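**Student:** Here it is: the structure, laid out below.
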Amino acid sequence: MLGLVAMAHLLQRRAGHPGSRILSVATYRPRTEVGNEPIAALIDSSDEWIRRRCGIESRRHAAPDEDLVTMAATAASKALADAGIDPRDVSAILVATMSHRGRAATVAPMVADALGTSAAAAMDLGAACAGFPYALATADALVRSGAAGYVVLVGAERMTDIIDKHDRGTAFLFGDGAGAVVIGPAQTCGIGPVVWGSDGSGSKLLRYDESGILRMAGPEVFRWATAIIPDLAMRALDAAGISAADLAAFIPHQANLRITSVAAKAIGLGPHVQVATDITTNGNTGAASIPQAMAALPGTTGPALLVGFGAGLSYAAQVVTLP
Ligand code: UT7
């Protein structure tokens, strides 16, 4: 006991920061735009059904040279340039992804290498489609504690690597791409308290099969998501000390436009709130969807409510000040 007390005296704390904030946001959108018709032809569906059931008109599919690391590093590099931060000044790289296959190494160290920040701490964070708000909460804690200065956080997915183009429940829904933010120290709070959780009893609703292909019980996930989002959103607003009327934007995970609409109505968002609808031209890009949707609302400033949800089941929400 005495030894422990003595050791405690030997440890010193790093000086932290009062808050952190998002300094910039950028995306990588793959070159190839794919409309609904070629996908519908493989799954006995139609452009009309896909638009009606999830609001998607087109999505991007990555070409072979648009691998996960390239897309993530390109989005990160743009975000760093927009923030005016030298890559050598980045102390941590976080990559939220659910579609990295086939290599033991995680994506983040390869992104760090591509950016020339190889001394930065680098790790992947697996919380599927809730990965971005989970990683954002982690980045905020790292900066406020002083464990990191500037953090690059990328959501990156090649969902086409993990979906079956003949699966009627997923083939039309998912797309590829990356979205990145740079987070840095701030005198005030630009990333509000996270409200998060999980329900592993639903882990089978979104799972990889024996071949590593994503299988989804769509209607069950739809019902779960629409049931949890209103309460999650209210708790995130309460934690940040604001109300729905104070919001400038609502940026949920772009899972299905109908989920977004049901949630926006349940939260009681006024007409002044910009509701992210990036899914219409990008599909559901997993952990990349929130930063991509954020980048698609350029002139919007002020508080935005982020909500992520997906496989795990995992969920997280927080209010941020848009860059
Ligand atoms: O990102 C991670 C979290 N993921 C989500 O949040 C996704 C949540 N789920 C969804 O977004 C929706 O469940 C989907 C968009 C995936 C599917 O839409 P749905 O309205 O739930 O379709 P359903 O599976 O309930 O099927 C409704 C009908 C059925 O026909 P009947 O039984 O009503 O005659 C299906 O057979 O639509 C039929 N159907 C299709 N028809 C044309 C199912 N899939 C298709 C299809 N094309 N691809």
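Any read-out appearing in this document is the output of simple, stated calculations on the displayed coordinates, not a laboratory observation. Keep in mind that this is a model prediction, so the values were computed, not measured. Here the Cβ is made from the backbone with ideal geometry for all residues, glycine too, and neighbour counts use every protein chain on show.
**Student:** Using the Cα centre of the chain as origin and beta-carbon charges of +1 (Lys, Arg) and -1 (Asp, Glu), tell me which of GLY177, ILE191, LEU257 is placed farthest towards the positive end of the dipole.
**Tutor:** Of the options given, the answer is ILE191.
**Student:** Taking 20 °C and 1.002 mPa s as the conditions, I'd like the Stokes-Einstein D for region 19-186 in µm²/s, using the Kirkwood hydrodynamic radius from alpha carbon pairs.
**Tutor:** Translational diffusion coefficient: 129 µm²/s.
**Student:** Same structure again: Could you give me D for the chain, from Stokes-Einstein at 37 °C and 0.692 mPa s, where the hydrodynamic radius is the Kirkwood radius over C-alpha pairs? Units µm² s⁻¹, please.
**Tutor:** Roughly 166 µm²/s, to the nearest whole number.
**Student:** Of ILE50, ALA311, ILE163, which is farthest towards the positive pole of the chain's charge dipole, taken about the Cα centre with +1 and -1 on the beta-carbons of Lys, Arg and Asp, Glu respectively?
**Tutor:** It is ALA311, whose Cα lies furthest towards the positive end.
**Student:** If you line up the long axis of helix 218-240 against the longest principal axis of the chain, both from Cα atoms, how many degrees apart are they, to the nearest 10?
**Tutor:** So the inclination is approximately 30 degrees.
**Student:** So what is the relative contact order of the chain, in percent, for Cα pairs below 8 Å that sit 6 or more residues apart?
**Tutor:** Result for the chain is 26 percent.
**Student:** Work out from phi, with θ = phi - 60° and the Karplus expression 6.51 cos²θ - 1.76 cosθ + 1.60, the ³J(HN,Hα) of each residue of region 174-181, listed in order in whole Hz, and give x for Gly and Pro.
**Tutor:** 9, x, 10, x, 9, x, 10, 10
**Student:** Using +1 on the beta carbon of Lys and Arg, -1 on that of Asp and Glu, and nothing else charged, what's the dipole of the chain about the Cα centre, debye to 20?
**Tutor:** In total the dipole reaches around 500 debye.
**Student:** Farthest toward the dipole's positive end in the chain, which of ILE267, SER289, LEU10, given Cβ charges of +1 (Lys, Arg) and -1 (Asp, Glu) about the Cα centre?
**Tutor:** The listed residue farthest towards the positive side: LEU10.
**Student:** May I ask you to compute the full-extension gain from ALA147 to SER211, defined as 0.36 nm times their residue separation minus their alpha-carbon distance, rounded to one decimal in nm?
**Tutor:** In short, 19.2 nm is gained.
**Student:** While we're on this one: Based solely on its DSSP helices, what 222 nm [θ] is calculated for the chain when runs of n ≥ 4 H residues each add -39,500 (n - 2.57) and the sum is averaged over all residues, nearest 500 deg cm²/dmol?
**Tutor:** -10000 deg cm²/dmol
**Student:** How far is helix 68-83 tilted off the main Cα axis of the chain, in degrees rounded to 10, range 0 to 90?
**Tutor:** The helix 68-83 is inclined about 60 degrees to the chain.
**Student:** Compare the peptides 144-151, 252-259 by average per-residue count of other Cβ atoms within 10 angstrom and give them in order, highest first.
**Tutor:** Ranked from most to least packed, the peptides come out as 252-259, 144-151.
**Student:** Right, here's the next one. For the pair ALA244/THR280, report the inter-label distance in nm, with labels modelled 7 Å from Cα in the Cβ direction.
**Tutor:** Taking the two extended label points, one gets 2.2 nm.
**Student:** Hey, another quick one. Check the straight Cα-Cα distances from LYS265 and name the aspartates and glutamates below 19 Å, setting aside those fewer than 8 residues away within the same chain.
**Tutor:** Reachable aspartates and glutamates: ASP231, ASP238, ASP246, ASP278.
**Student:** Can you tell me the orientation of helix 257-267 relative to the chain, as the angle in degrees between its alpha-carbon axis and the longest Cα principal axis, to the nearest 10?
**Tutor:** 60 degrees
**Student:** Compute the relative contact order of region 170-288 as a whole-number percentage, counting only Cα pairs closer than 8 Å that sit 6 or more residues apart in sequence.
**Tutor:** Relative contact order here is 34 percent.
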